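Here the structure is laid out as structure tokens; the discussion comes afterwards.
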Amino acid sequence: MPLQIPDQDFDNLHRIIAARTFGASVKELLENPELGFPKRTLQRRLDQMVSEKRLEPKGQGRARRYLVPEHDRFPMKSVVMEEPPVYKTRLDWLSSPALDIRRTIQLPMSQRMPVGYQGAFLEAYRPNETFYLPENLRKELEDLGQVGLSALPAGTYLRQVMDRLLIDLSWNSSRLEGNTYSLLETQRLLERGEDAEGKGTQETQMILNHKAAIEMLADQAGEIDFNRYTICNLHAMLSDNLLPDPGASGRVRSRPVAISGTVFHPLEVPQLIDERFEQILVKAAAVRNPFEQAFFAMVHLPYLQPFEDVNKRVSRLAANIPLIRYNLCPLSFVDVDPHDYIGGLLGVYELNRIEYLRDVFAWAYRRSCARYSAVRQSLGDPDPFRLRHRAVIGQFVREVVLGAMDKRAAAKWIAGEAVKLISEGERAKFIEVVETELGCLHGGNIARYRLRPSEFEAWSKGWS
């Protein structure tokens, strides 16, 4: 007689493994405080779940991982039965319409009506006349997001918090995809180039792709917008080395896609996909309010699924485009629960209702503002001289590192180049600032100069 697994044990295992896109190993499950099984007990439960086809094993020996079958990637009942985080226990952060959506999308898929893409949902939106975010919420988020740098060039604030944001947004956005890297493992990967032991190459690539995409947004802060160049290149960065067809990176799809865990069927006709994609970009670019613009992107890019994969990641980073351009606090999705994020999207997919996702967006932005308010306080007010010369300072630091200059060679080169570019009255201070930046350079802040860990390591050996 097969061993009878207690319902609670099965639900916990199923939920924990289903939340991970790349499955879970025995070691990772043993380390999970929610389970508390001895190794033999855990293995017996996993073996029975495999025999009953509730789990699929991949790999051999220590490399073996267990995955929930593709047709059951989003088990609705586990969302209902799980013990939610403290801030969501009361559900007082959700509006009544959001709670209604939540109840509907938690029904078994057999009780939810299959639906296709509804073009009328997009057509009904009229920029600056139709609003997904009510006026009082737009005003609240605007007040929270102000950092006192609105008159400065686009991307100024992003560069101030770049070191922290690279880690936060890369980790949180990847976590929402089921990536199992921890925050500290993500930090080590981005700062030192060290991948975490036991993690799949896809997980490592996903995080590195986020870093590259965020750096692109920072480097081109004055030019990014809701246009084909920005969104397609954002997709190319985020999907690099992750798609079966490398040519699909940055290209609007021409083949059907399916989304697991939902009764929603995305648009399939290539010409219509391209037309709707262009329509989304035109409407998004026309929206004047940065928060309405950010949320519009979070709704309609995933709903259309314009690319073969990585659509949600594109929408999360695209939501930061207007925040970067207006020097507002970025949206890093810190502490966002994956079930709420996916639930909000299911409300859009299946019901064309935005209230659940809107509540998640507002809650997430409040959390991000609290996070970066603390970061900003630790930074103090920006130095006007550094702001005025930030591009040239960055160029000088980068050239010294890439040129593998030692201290003597760097001092001579900086002085010579400064004569060509900096006025005599500011030259001495400029040289001092560049040399100070070089002296403070370390693995945790090289991203602001678009330097790779290998480039920094090669230079630092001769510098010290």
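Cβ crowding within 10 Å ranks H265, H14, H235 as H265, H14, H235, fewest other Cβ atoms first. For the listed residue pairs K58/K312; K39/K211; K211/K429; K139/K211, the alpha carbons are over 29 angstrom apart in K39/K211; K211/K429; K139/K211. Between 0 and 90 degrees, the angle of helix 96-105 with respect to the longest Cα principal axis of the chain falls at about 60 degrees. Below 11 angstrom from the Cβ of R276, what's the summed charge of the other residues (Lys, Arg +1; Asp, Glu -1)? Charge balance near R276 sits at -3. Kindly express, to the nearest 10 degrees and within the range 0 to 90, the angle between helix 183-192's C-alpha long axis and the longest C-alpha principal axis of the chain. Taking the Cα atoms of the chain, the angle to 183-192 is about 40 degrees.
Distance from the C-alpha centroid of segment 212-291 to that of segment 317-365: 16 Å, rounded to the whole angstrom. The angle separating the long axis of helix 390-402 from the principal Cα axis of greatest extent in the chain is about 90 degrees. Stretching R386 away from A285 to a fully extended chain increases their span by 33.2 nm, per 0.36 nm per residue minus the current alpha-carbon distance. Per-residue extension of 0.36 nm, minus the Cα-Cα distance of E268 and R427, leaves a gain of 51.3 nm for this segment. Dividing the summed helix terms, -39500 (n - 2.57) for each DSSP H run of n ≥ 4, by the number of residues in the chain produces a 222 nm estimate of -17500 deg cm²/dmol to the nearest 500. Local charge sum around F333 (other residues, Cβ-Cβ under 13 Å, Lys/Arg +1, Asp/Glu -1)? Local net charge: +2. Under a plain spin-label model, where a point goes 7 Å from the Cα along Cα-to-Cβ, how far apart in nm are E417 and E52? With each label placed 7 Å out from Cα toward Cβ, I get 6.5 nm.
Bear in mind these aren't lab numbers, they're just calculated from the coordinates by the rules spelled out. Note that the structure is a prediction, hence the values are computed from the model and not measured. For neighbour counting, all protein chains shown are included, and Cβ atoms are generated from backbone atoms with ideal geometry for every residue, glycine included.
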